[in-house]
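Heads up, the thing below is written out as structure tokens.
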Amino acid sequence: MNPSGRQTSRLLCLLCLGMWVFIPAGLAALPQEQLVDRILAVVDDDPILQSDLDQLVALDPNALRQGESPKDRDQRLLEDLVERRLRFHEVERYGFGDVPQGMVDEQLAQMEADYPSPESFEAQLSKIGLSREDLARRIQRDLAVLTYVDELLGARVFVGLEEIQKHYDTVLLPELRERNLEIPELDEVREQIREVLRQERLNQELGRWTEELRSKADVLIYLDRPDRPLPPVVAETE
């Protein structure tokens with residue numbers, strides 16, 4: 001590499017570390033860099049951007065929980081984005097990317113139903129720089145993970161009759177009595193209880209699987225380093 005090339009590479013490296021640099025006179029004619037986003041985390045060389053977090057917050061009216069500060073919300077949601085990325089990387093390795101379009105459309109319709117009109121939904125997407133197609137791809141990725149999890153981890157989940165009876169006696173009946181509601185026979189609610197317990201077990205397996213993936217991955221988090229500037233994402237401008 002010639003001296004000019006080495007100098008340019010060093011400049012870009014320093015920019016990625018968030019450091020201030022002085023541009024030598026000989027490089028003044030090069031295209032200038034403009035900050036367009038910031039990297040909040042990197043999962044196996046796959047960056048999670050500030051815009052990813054901003055879009056997640058903008059599309060969820062309940063993103064900020066009661067008593068939670070915006071900083072705590074951002075940290076929680078970033079952890080969620082990291083875990084999503086870990087799971088999708090694993091699913092992608094096994095080729096579980098195909099999801100029926102009808103499932104994606106149904107999820108899109110449910111999200112759109114939270115807005116006063118389709119036009120207001122489209123306006124919100126435009127405001128945060130997210131196209132309907134981009135959102136559909138994100139939904140497709142999440143659904144692919146859910147399908148994979150159900151097939152991979154679902155086989156490990158078994159709910160026996162004794163567990164159903166115990167849930168009926170110790171959880172459902174006391175709750176219904178406290179609320180003065182009609183108490184159904186066990187046969188009437190057996191399958192509903194089975195599904196509730198199955199989902200609880202599946203979530204536990206999902207948590208263990210995600211922890212295992214994270215232990216093997218290279219994850220860098222920048223949001224929780226207030227003493228260091230976030231690495232920028234830059235683009236050349238003429």
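The values are calculated or read from the model by the stated rules, or taken from the named source; none is laboratory data. None of these values were measured; they are calculated from a predicted model. We place every Cβ from the backbone using ideal geometry, glycine too, and count neighbours over all the protein chains shown.
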Completion exercise
The helices (runs of 4 or more DSSP H) lying entirely within the range 132-215 that contain at least 3 residues which are β-branched (Val, Ile, Thr) and within 23 Å of HIS89 (Cα to Cα) are 132-153
Exercise for the section: All but one of (1) within 25 Å of LEU220 (Cβ to Cβ); (2) buried (at least 16 other Cβ atoms within 10 Å of the Cβ) hold for LEU143, so report the exception by its number. Expected result: (1)
Exercise for the section: Mind listing just one residue for me: the one in the range 21-72 that is within 24 Å of GLN124 (Cα to Cα), among the charged types (D, E, K, R) and modelled with pLDDT under 90 and, of those, surrounded by the fewest Cβ atoms within 10 Å (Cβ to Cβ)? Expected result: ASP60
